[in-house]
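The values are calculated or read from the model by the stated rules, or taken from the named source; none is laboratory data. Small disclaimer: the values here were computed from a predicted structure and weren't measured. When we count neighbours, we look across all protein chains shown, and the Cβ atoms used for this are built from the backbone with ideal geometry, even at glycine. The area values use the complete protein model at the heavy-atom level, side chains included, leaving out ligands, DNA and RNA. Shrake-Rupley method; radii C 1.70, N 1.55, O 1.52, S 1.80 Å.
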Amino acid sequence: MTDQKRRDKRNVDVWLTGTEEPGWLVDSTDEGAQKMAAHETAGRLLDQEGLVVGDDRVLDEDVAPEDELMIINMGPQHPSTHGVLRLNIELEGEIIRRSKPIIGYLHTGMEKTGEELTWLQGPTNVTRMDYLAPFHNELAYSLAVEKLLGIDLPPRALAIRILMTELNRVSSHLVALATNGMDIGALSMMLYGFRDRERILAFFEKTTGLRMNHNYIRPGGVAADLPPDWQDDIEFILDKVPPRILEYEDLLKANPIWMGRTLDVGVITLEECLAYSVTGPTLRAAGSGWDLRKAFPYSGIENYHFEVPVGERGDVYDRYRVRVEEIWQSLSIVKQAAESMPEGDYKTDDRKVAPPPRARIDESMEALIHHFKIYTEGFQVPEGEVYVAIESPRGELGAYLVSDGGSRPLRMHMRTPSFANLQGLPVMMADSLIADTVATIASLDPVLGDVDR
Amino acid sequence: MSHPANPPGFLLANLDKVRHWAQTRSMFTVTFGLACCAIEMMATGAGHYDLARFGMEVFRASPRQADLMIVAGRVSQKMAPVLRQVYDQMPEPKWVISMGACASTGGMFNNYALVQGVDQIVPVDIYIPGCPPGPQSLMHGILTLHDKIMSGEIAH
Amino acid sequence: MTDDQVVEVQEEETPPRTLPDQAVLRAVAEQFDDIEWILSSGQDVFILPKDLVLDVVQAAKDAGFELLADLTVTDYFRGRSPRFELVINLLSMQHRLRLRLRAPVPVDDVQVPSVVGVYPGANFYEREAFDLFGLVFDGHPDLTRILMPDEWEGHPLRKDFGMGSVPVQFKDSHQVQ
Ligand code: SF4
């Protein structure tokens, strides 16, 4: 055991016993191997990293260019990294040369927990991954389970799913705008964005009982029907939100600071997006019309009319534009879904999968048995493996499920968009100013729960 | 103001009371948003719920200027040392609110990756239940903390 | 005759596909002898030996799969003889196709070729697979832990790692003797 290891081991003991010993923590946050790889010639770089200033070697005529670099650390506890993202940034003056995202500070072991939960309990777990778009997580998981089961859903269940996920896209993009504005200094965007999000969350709370992490979309349909006067609520949202968004666009686009700090900042090209598996608004802002809702339609989304906004420059401004356009498109889908909402069941009537209605349990022994079986043992899913992807507000959100025929998944893996998108961050930041870092991060809109799972 | 102990023109109070009053009336919070609960914390600070009513809308990025840490979300094994370091950097007196099921007990994730309760690393004054606790619950927790400080129940 | 018309109308409505889909996949599959091509829940899956991974991925990229959508590992533990399975999901935007590659990996020989050279986006995914499952990717430029702390021992998503859960205790419960 090396010294470092021994010290870390002791530190773990210290947390668990609760006794404090000042001083050890500084060492144990040292990330060791996860740091950026050193340059070959960077023997003296470490001096500067440890804030050893005043060394006249820097003034030497014949220093290698690498010796003028400085590495700074940003995060994991930083107000503008959207959670617990940590970045190692290598600077030459004010210009970023290289950077490396360090993640894992929110690793929750959800894929392991998912193997312990039954298929019906799964959405409870996955909804907590991307906490700004919980419905999308549930939808991806449920679609994958349904594909394994081979069941079809009644039209009302499909329409409710589209209604909820598209509303969720609006609320998620509103937060993206809010935080993007806040990071650049447009603090009022923060207040406005969250204010409008509240209107949508109020509807979510009324329908599902929770403001976030709803566990509403489940394998076999949705958990409950829409509340009795849901049309009024949707109408209220469609009344109140669009004028506000126009207002925000005026607010931002007429603002020279906003334009100056977003135009041609954080550029990523289409080829780089593809190489680094970057999807979602970032890919569309770079000039691709790729949207899984059009390419591989799910849950009946092909029956609605909407357009896919495409940017051209791939900079922060285009990503903001794409998001605003997507809000408009999603609101139009919500309107169509509310107008054409079919009547009928909100979950499948396959009693092996969906629990019977509460009223039936008092009358029928069989219903009682099904209910008991589903909530204790869970339903069985035929052996097989499947990958289903949907378009979340951040990009391709996929669920890879493996079943061994039991009532729990053998493997539950989510392909989360933020995880892959983060690989594009060093590309966007390379050779840009350090002041643009926060604008770039915010425009990528990473959700750290989605990254680390 | 004609009480004999309070002659006109003077305001007399117990020094402790004045101190407690000052401590609660403008508490600065260090941002420690970790997961879903952090979004609710941000929503509480934003326009609709308006934490500014309690003199608390300023979320400080630097722990050195803060006296309250709201641990909002799940604390992973990798984050635990960082959290403790931030706590150590806060000046006394300081308080900790553990927001949500995850921060309080590990929540539904009883597995290898999470610290099962942030009270294993830092002392916690108020636990707020819920997953996520709504802004109302968070405010209730904050006001409870204020009450407890005012009444001298939590002394620092 | 009416049938033909119906088919035509449908083709106009749905987005154009490069037909037949299979031609792209067949072009990849025919280059290698050891590929087993199956349909799993209606999705195209190639099962291949792990040494071929790099070549097949390169061939797939040349055939028009631009994006590596996902790379992960399944641990079958006692359920199957080569215990692990490397799973790579590829996406072709021009052909609107998905392709999944599955390569069994035995537990006593966890070396697999890295595909970072073909798709740089595999970087994080391979680090994750190394971190959580302990597969070693030959040729990866920076194979370090990504989600767990550096000093962590073991690979938590392996089935024999254990859940690591702490038993729940209640304050006034009876002590278990
Ligand atoms: S308590 Fe619930 S809402 Fe809060 S961090 Fe944990 S899972 Fe998220």
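For this structure, a couple of remarks:
- The combined condition, being in contact (Cβ under 8 Å) with a residue 12 or more places away in the chain, of a type in the set (A, V, I, L, M) and either in a strand (DSSP E or B) or in contact with a helix residue (DSSP H, G or I) (Cβ under 9 Å, 6 or more places away or on another chain) (or both), is not fulfilled by C:Leu54.
- A:Met164 within 12 Å of chain B (Cβ to nearest Cβ) and more than 16 Å from the ligand (Cβ to nearest atom): no
- The residues listed here are A:Met129, A:Met110; of these, the one that is open to solvent by less than 10 Å² (accessible area, probe 1.4 Å), at the interface with chain B (Cβ under 9 Å from one of its Cβ atoms) and more than 30 Å from A:Asp250 (Cα to Cα) is A:Met110.
- The set of residues in segment C:54-94 that are of a type in the set (Ser, Thr, Tyr), open to solvent by less than 20 Å² (accessible area, probe 1.4 Å) and more than 18 Å from A:Met412 (Cα to Cα) contains only C:Ser92.
- Looking across segment A:73-106, the residues that are open to solvent by 50 Å² or more (accessible area, probe 1.4 Å) and over 16 Å from A:Ala439 (Cβ atoms) come down to A:Asn73, A:Glu92, A:Gly93, A:Arg97, A:Arg98.
- Pairing residues of segment B:68-86 that are at negative phi with residues that are assigned to a helix (DSSP H, G or I) and among the aromatic types (Phe, Trp, Tyr), at Cβ distances under 7 Å and at least 6 apart in sequence or on separate chains, gives B:Met69/B:Tyr87; B:Ala80/A:Trp15.
- Within segment A:376-403, the set of residues being within 29 Å of A:Gly300 (Cα to Cα) and outside any strand (DSSP E or B) comprises A:Gly378, A:Phe379, A:Gln380, A:Val381, A:Pro382, A:Glu383, A:Pro393, A:Arg394.
- Conditions (1) crowded, with 24+ Cβ neighbours inside 10 Å; (2) facing chain B (nearest Cβ under 10 Å): number failed by A:Leu139: (2)
- Which listed residue is farther than 18 Å from A:Asp225 by Cβ, within 14 Å of another protein chain (Cβ to nearest Cβ) and out of contact with any Gly (no Cβ under 8 Å at 6 or more places or on another chain), from A:Ser188, A:Ser172: A:Ser172
- Any hit, segment A:180-203, residues being touching a residue at least 60 places away in the same chain (Cβ under 8 Å), away from the ligand (no atom under 16 Å from the Cβ), within 17 Å of the chain's Cα centre (by Cα) and crowded, with 21+ Cβ neighbours inside 10 Å: yes
- In segment A:204-234, the residues that are in contact with a Gly (Cβ under 8 Å, 6 or more places away or on another chain), open to solvent by less than 10 Å² (accessible area, probe 1.4 Å) and within 16 Å of the ligand (Cβ to nearest atom): none
- Scanning segment B:10-43 for residues that are under 24 Å from B:Tyr127 (Cβ atoms) and away from every other protein chain (no Cβ under 14 Å) returns B:His20, B:Gln23, B:Thr24, B:Arg25, B:Ser26, B:Met27.
- Taking segment B:58-156 and the strands (runs of 3 or more DSSP E) fully enclosed by it, no element has 3 or more residues that are within 15 Å of the ligand (Cβ to nearest atom) and open to solvent by 10 Å² or more (accessible area, probe 1.4 Å).
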